[in-house]
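Read-outs throughout are calculated quantities, based only on the coordinates presented, and are distinct from any laboratory measurement. Note that the coordinates shown come from a computational prediction; the quantities given were computed from them, not determined experimentally. Don't worry about glycine lacking a Cβ; one is built from the backbone with ideal geometry, like all the others, and counts go over all protein chains shown.
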Amino acid sequence: MALNLSIMLQLLWHCCFSFLLIYIFHTGSYSGHWIIATFGLTVILILIRLHFAGPTYKGLERLDGKTVLITGANTGIGKETAKEMARRGGRVIMACRDLDKANQAKDEIIKETENHKIFVHKLDLASFKSIREFCKNFNETEERLDILINNAGIMMCPKLKTEDGLEMQIGVNHFGHFLLTNLLLDKLKQCSPSRIVIVSSLMHMFGQMNFDDLNSERSYGAVRAYSQSKLANMLHVRALMKRLEGTGVTVNGLHPGSVDTELLRHFKIFSWTIFKILLKPIKIYFFKNAFKGAQTTIYAALDSSLETVSGKYFSDCKPASASKLSFNDEDAERLWQISEKITQGR
Ligand SMILES: NC(=O)c1ccc[n+]([C@@H]2O[C@H](COP(=O)([O-])OP(=O)(O)OC[C@H]3O[C@@H](n4cnc5c(N)ncnc54)[C@H](O)[C@@H]3O)[C@@H](O)[C@H]2O)c1
């Protein structure tokens, strides 16, 4: 009943939006045929919506007896991923910065899935101290780690620094997850076959590794720093894949699609309110919702055909082409050495 109402409301929206567009742009040439024009445009809009909504992962794998750790699981893609892992019977560890929001999300997940094995732990990826404390506690108290999902991310923030003095986007998106993964590797190896899923982005294609100024000390661009951090995610996949050969642990990267979440919360331009209003119709037609945005992560984490697949890049629940730069072994190794040096010393 609720679903039917939601479909009816969506149809009504597409119809009204088509009529509005036709009314605004009408030239008089089809003035007698506005009903046909509205109908035609409604169909086109629905097809666009269906195309950009993306696939739903259909695999039936269960996670009973398995443990999944997801960073940034209190909102957006992370929360929807956590929900799906809970539905499949997994023990889900939500590693989050904001405990109040995380506990609210946990209550929602338990209510919806009736799985009570959902746990919240404090993790701030902008602090190596917090990451070390989290991992020490995790390694001492948790018996298993079957799937690690490096999902948390920050996008296009103003120039900020982590607790350890690193530029915030590469600090959280790459260096934080690099340390976290290294400290959890033994547990993953003990539980092999196990998986590491790194949520990168299509934006890695626009990234350049500025090794002389990784922390943007000399000049900072919010988009540039984000793209660099997402390319760093892909180089992390590359370097880690080689180190994990023969261990039964796989690592893959992915682009979740353009997803309507709170990720753009730091992005401020001329007028945020006007921008949000202008963005709304674009989001409705060209962005996935968070549920659909989580599907490629779920696929990479669960699909049984990927048991031994490592070092790949996925989008829309299938393999996709990553940027050539992400296959550059020299850069992957250089970033690995720098990341080890930066994270070991603190
Ligand atoms: N939304 C998109 O269109 C899109 C596109 C490509 C890639 N991604 C990637 O998907 C991932 C999830 O993003 P989302 O869209 O769900 O956005 P989101 O903002 O809803 O979720 C990001 C999560 O990361 C957490 N986080 C941020 N900084 C943190 C820190 N210092 N310590 C711990 N957690 C921290 C946030 O609290 C939040 O829970 C990100 O890595 C993002 O780069 C998103």
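Dipole size of the stretch 121-181 about its Cα centre, with +1 on Lys/Arg Cβ and -1 on Asp/Glu Cβ: approximately 200 debye, rounded to the nearest 20. Write out the GluC sites (Glu not before Pro) in the stretch 258-338 meeting two conditions: DSSP loop, and at most 15 other Cβ atoms within 10 Å of their Cβ. For GluC sites (Glu not before Pro) across the stretch 258-338 that sit outside H, G, I, E and B with at most 15 neighbouring Cβ atoms in 10 Å, the list reads Glu262, Glu307.
Normalised by the number of residues in the chain, the mean separation of alpha-carbon contacts (under 8 Å, six or more apart) gives a relative contact order of 18 percent.
The GluC sites (Glu not before Pro) of the stretch 124-183 that DSSP puts in a loop, and whose beta carbon has at most 13 other beta carbons within 10 Å, are Glu143, Glu163.
Calculated mean residue ellipticity, 222 nm, the chain: -15500 deg cm²/dmol, from DSSP H runs (n ≥ 4) at -39500 (n - 2.57) each, averaged per residue and rounded to 500. The residue among Thr67, Ala86, Val43 whose Cα reaches farthest toward the positive pole of the charge dipole of the stretch 3-155, with charges on the beta-carbon of Lys, Arg, Asp and Glu, is Thr67. Name the residue farthest towards the positive end of the dipole of the stretch 67-345 from the options Asn139, Ala332, Val259, assuming +1 on Cβ of Lys and Arg, -1 on Cβ of Asp and Glu, about the Cα centre. Value computed over the given set: Val259. Within the stretch 162-259, the trypsin sites (Lys or Arg not before Pro) that combine a DSSP coil assignment with at most 10 other C-beta atoms in a 10 angstrom radius are Arg218. Amide H to amide H, with H built 1.01 Å from N, Val251 comes under 5 Å of Ile196, Gly311, counting only residues 5 or more places away or on other chains. Once the Cα-Cα distance is subtracted from the 0.36 nm per residue extended length, the Trp13 to Thr56 segment shows a gain of 13.2 nm. GNM remark for the chain: springs join alpha carbons under 10 Å apart, and the peak mean-square fluctuation among Pro193, Pro55, Pro281 falls on Pro281. Of the cross-linked pairs Lys111/Lys276; Lys159/Lys312; Lys79/Lys189; Lys66/Lys189; Lys79/Lys324; Lys189/Lys312, those separated by over 24 Å at the C-alpha level are Lys111/Lys276; Lys159/Lys312; Lys79/Lys189; Lys79/Lys324. Each Lys and Arg adds +1 at its Cβ and each Asp and Glu adds -1 at its Cβ; summed about the Cα centre, the chain shows a dipole of about 420 debye. If you run the Gaussian network model on the chain, springs between alpha carbon atoms under 10 Å, then out of His51, His174, His121 the most flexible one is His51. Using a Gaussian network model on the chain with a 10 Å cutoff between Cα atoms, which of Asp213, Asp329, Asp303 fluctuates the most? In the Gaussian network model the winner is Asp213.
Once divided by 2.2 N^0.38 Å, the Cα radius of gyration of the chain becomes 1.06. Extension gain for the segment Arg243 to Phe267, taken as residue separation times 0.36 nm less the Cα-Cα distance, is 5.0 nm to one decimal. For Ser219 and Arg132, the difference between the fully extended length at 0.36 nm per residue and the C-alpha to C-alpha distance is 28.3 nm.
Dipole magnitude of the stretch 189-346 about its Cα centre, charges +1 at Lys/Arg Cβ and -1 at Asp/Glu Cβ only, in debye to the nearest 20? Mind dumping the intermediate values first?
Working: 21 positive and 14 negative charges, 101 e Å.
So the dipole magnitude of the stretch 189-346 works out to roughly 480 debye.
Calculated FRET efficiency, Lys280 to Trp34, Cβ-Cβ distance, R0 = 30 Å: about 0.80 to the nearest 0.05. Going toward the positive end of the dipole of the chain, with +1 on Lys and Arg Cβ and -1 on Asp and Glu Cβ, which of Leu188, Ile22, Phe291 do you reach last? Farthest along the dipole direction, towards plus: Ile22.
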